[in-house]
Amino acid sequence: MATRWGIVSAGKISSDFCHALKLLPSSEHQVVAVAAGELDRAKAFAEKFSIPRYYGSYEELAEDKDVDIVYIGSINTSHKEHCLVMIKHGKHVLCEKPMTVNQKEQKLVLDAARAKNVFFMEAIWSRFFPSYLRIREEIQSGSIGEVRMVQASFCVNIKDVPRVRSLELGGGAVLDIGIYVIQFALMAFGGEKPVKVVAAGHLMDTGVDESESITLLFKNGRMAVLTASTSSHLSSRAVIIGTKGSLELPGTFWCSTQLITPKETLDFPLPGDPANFNFGNSQGLMYQAAAVRQSILEGEFHRCSLTGLSVCIRKDTV
């Protein structure tokens, strides 16, 4: 039986997610409903993707008994509200990053998901790319020895994008792009929490963070050196450095289709036509959707936030 998806918000990332679902078997994934703040937007989105039902309120979508799971692609500051209403009605939830804009909201959402025994996951799509799966295999096999250092940067000039500049919309570098460098470091160190976080940065005139450098210190002399900037362009690459060698994701490391190992360079081409998508390599959203379906089928419900540390860093140090 197909996993029946409902879509929360009819924006660009929701469009990319629906296009990505079309790259998977229809016997496994179907979009059955969409909701937006305005009925006309939901209707137009439904017509574009041949979705049978559309709603002008999110409560109506939550009450749709034919929806198994919702994908939440709304603006950052709406995530808590939309997660809670869907969880209240027993829906599984895949919520775009950041799942919330602070730790208090994060706890409310995770506690609600556990209480209702529904699947919940923050949509860190990077983790499901074949390149990331291979990284974890390489680390576990010991091919690069003990991981000692991680270096990652995500620098792109997007500071004039309204949602990035706005404090009211949950903007800023950490919540928009800094999440990616943080999740990469945490993955490389096997989910271990750092013993110390050192961060510094600059604010925009709107009060959100424009750029930052973040150092995560782990026990036994290990560390991650991370950079995120919304005001400059830099090769956004990531490197995991071990005692025997290194692993590198060149270019767009958060959705990389290439991995450089000590022995070879591996390519993982994406299916589909990139012209259908708003954001680079969004075809890779299909890997995340497939993993979510598998987790639900296996009853693995509680995949909490992968990057909760990011909201802590933003609140306390930037």
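The values are calculated or read from the model by the stated rules, or taken from the named source; none is laboratory data. Everything numeric in this text was worked out from a predicted model, so none of it was measured. In this analysis, Cβ positions are derived from the backbone assuming ideal geometry, glycine residues included, and neighbour counts consider all displayed protein chains. Remember, those area values only see protein heavy atoms, side chains included, never the ligands or the DNA or RNA. Shrake-Rupley method; radii C 1.70, N 1.55, O 1.52, S 1.80 Å.
What's the number of the only condition in (1) modelled with pLDDT of 95 or more; (2) open to solvent by less than 30 Å² (accessible area, probe 1.4 Å); (3) outside any strand (DSSP E or B) that Leu259 fails to meet?
Only one criterion is unmet by Leu259, namely (3).
Residues checked against (1) closer than 22 Å to Glu81 by Cα; (2) open to solvent by less than 40 Å² (accessible area, probe 1.4 Å); (3) aliphatic (A, V, I, L, M); (4) more than 21 Å from the chain's Cα centre (by Cα):
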site: Ser166; (1), (2), (3), (4): yes, yes, no, no
site: Phe184; (1), (2), (3), (4): no, yes, no, no
site: Pro194; (1), (2), (3), (4): no, yes, no, no
site: Asp205; (1), (2), (3), (4): no, no, no, yes
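Out of curiosity, is Ala20 farther than 26 Å from Leu297 by Cβ, of a type in the set (A, V, I, L, M, F, W, C) and either in contact with a Ser or Thr (Cβ under 6 Å, 6 or more places away or on another chain) or at pLDDT 95 or above (or both)?
Details: farther than 26 Å from Leu297 by Cβ: no; of a type in the set (A, V, I, L, M, F, W, C): yes; either in contact with a Ser or Thr (Cβ under 6 Å, 6 or more places away or on another chain) or at pLDDT 95 or above (or both): yes.
No: the conditions fail for Ala20.
Looking at (1) within 20 Å of the chain's Cα centre (by Cα); (2) farther than 17 Å from Phe119 by Cβ; (3) open to solvent by less than 20 Å² (accessible area, probe 1.4 Å), which is the one condition that is false for Ala33?
Ala33 satisfies all of (1) within 20 Å of the chain's Cα centre (by Cα); (2) farther than 17 Å from Phe119 by Cβ; (3) open to solvent by less than 20 Å² (accessible area, probe 1.4 Å) except (1).
Find the strands (runs of 3 or more DSSP E) located wholly in segment 24-107 whose residues include 2 or more that are out of contact with any Asp or Glu (no Cβ under 8 Å at 6 or more places or on another chain) and closer than 28 Å to Gln183 by Cβ, and list them.
On the way: elements: 29-35, 53-55, 69-72, 92-96.
In segment 24-107, the matching strands (runs of 3 or more DSSP E) lie at 29-35, 69-72, 92-96.
Quickly run through segment 65-99 and pick out the residues that are open to solvent by 40 Å² or more (accessible area, probe 1.4 Å), of a type in the set (Lys, Arg) and either on the phi > 0 side of the Ramachandran plot or over 16 Å from the mean Cα position of the chain (by Cα) (or both).
Answer for segment 65-99, where residues must be open to solvent by 40 Å² or more (accessible area, probe 1.4 Å), of a type in the set (Lys, Arg) and either on the phi > 0 side of the Ramachandran plot or over 16 Å from the mean Cα position of the chain (by Cα) (or both): Lys65, Lys88.
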